[in-house]
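All remarks here apply to the structure that follows.
The values are calculated or read from the model by the stated rules, or taken from the named source; none is laboratory data. Here the structure is a predicted model, which means the values were calculated and not measured. We place every Cβ from the backbone using ideal geometry, glycine too, and count neighbours over all the protein chains shown. Remember, those area values only see protein heavy atoms, side chains included, never the ligands or the DNA or RNA. Shrake-Rupley method; radii C 1.70, N 1.55, O 1.52, S 1.80 Å.
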Amino acid sequence: MEIEIVGQDEYGSAAYSKLFDEIMSDLNKAVLIDRARLTLQPEGPLFIFSIVLKAAPGPKTIGDVSTVRNDVGGAHVTITEERYAPDILQELFKKYGRQAVTQQTRFDLDVKDAKEDEVSAIVVSSGEEDRREIMGALWRTMPEGIKNRKTFMSGGVITVVATEEILLPEMIEAGKAEHVAMGGSADV
């Protein structure tokens, strides 16, 4: 993840870059971010954080987050991304019933009378949760006391304009300009 800091305080900029990287890494969001530009104007106070995601969050299917194969009597699922395990179980229970789903181990499931392609196609995440988690991580990196925020999202770009004071039109315009500079749409 490439981090660019725009601000007057050299020491503060370096410290903020490190803090942003550590928080995003701790929350496992750094791997999703291609680059970030953080504009720090504490005298304003105005903070504009804009990130470009490696890929825009989209729906995830069981096939995206696990390995599915046809097996004797149904389909076998090996979950490869643990965070989706509860959603996979919930969706399989909903479609096939609890009696048809046998959990062999924490990550291995058998689904009675199911076919690989139909199990693989079941959606387990809309992508909205990923956006919320990224937004939450972004907000955690902001200074304490930030009360007013405006968020712009388009494609794989998320920009947050924040201040402790009233969010003025020129602040919002600066955020829009930053959003566009990072590759976001101008009509947000």
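Can you give the percent of C-alpha pairs in the range 77-118 whose distance is more than 17 Å? Beyond 17 Å sits 21 percent of the P(r) for the range 77-118. Mean projection of the Cα convex hull over all viewing directions, computed for the chain: 12.4 nm². Size descriptor for the range 21-72, Kirkwood hydrodynamic radius: 14.2 Å (Cα pairs only, one decimal).
Applied to the range 162-168, the Karplus parametrisation 6.51 cos²θ - 1.76 cosθ + 1.60 on θ = phi - 60° returns per-residue 3J(HN,Hα) values of 9, 8, 7, 9, 6, 6, 7 Hz, with x for Gly and Pro. Evaluating 6.51 cos²θ - 1.76 cosθ + 1.60 at θ = phi - 60° for every residue in the range 107-120, the Karplus couplings come out as 10, 10, 10, 10, 10, 5, 6, 10, 10, 3, 5, 6, 5, 4 Hz, glycine and proline recorded as x. Couplings 3J(HN,Hα) of the range 58-63, computed from phi: x, x, 10, 9, 4, x Hz, in residue order, whole Hz [Karplus 6.51 cos²θ - 1.76 cosθ + 1.60, θ = phi - 60°; x for Gly and Pro]. Temperature 4 °C, viscosity 1.567 mPa s: under these conditions the Stokes-Einstein estimate for the range 45-86, based on its Kirkwood radius over C-alpha pairs, is 96 µm² per second.
Dividing the helix sum by the residues of the chain, where each DSSP H run of 4 or more adds -39500 (n - 2.57), gives a mean residue ellipticity at 222 nm of -10000 deg cm²/dmol. Shape summary of the range 87-142, radius of gyration then Dmax from alpha carbon positions: 15.5, 50 Å.
Take 141-148, 27-34 and order them by the average number of nearby Cβ atoms within 10 Å per residue, most first; the result is 27-34, 141-148. The residues of the range 69-126 expose, per residue, 61 Å² of accessible area to a 1.4 Å probe. Pairwise Cα separations in the range 42-114 fall into 10 Å bins from 0 onward with the following percentages, short to long: 17, 42, 15, 11, 9, 6, 1. Using the average count of surrounding beta-carbon atoms within 10 Å as a protection proxy, the listed peptides 127-134, 62-69 rank, highest first, as 62-69, 127-134. Calculation over all alpha carbon pairs of the range 86-188 in 10 angstrom steps from 0 returns a P(r) of 12, 30, 18, 16, 18, 6, 0 percent. For residue 122, nonlocal amide neighbours, meaning residues 5 or more places apart or on other chains whose placed amide H falls under 5 Å from its own, are 62, 63.
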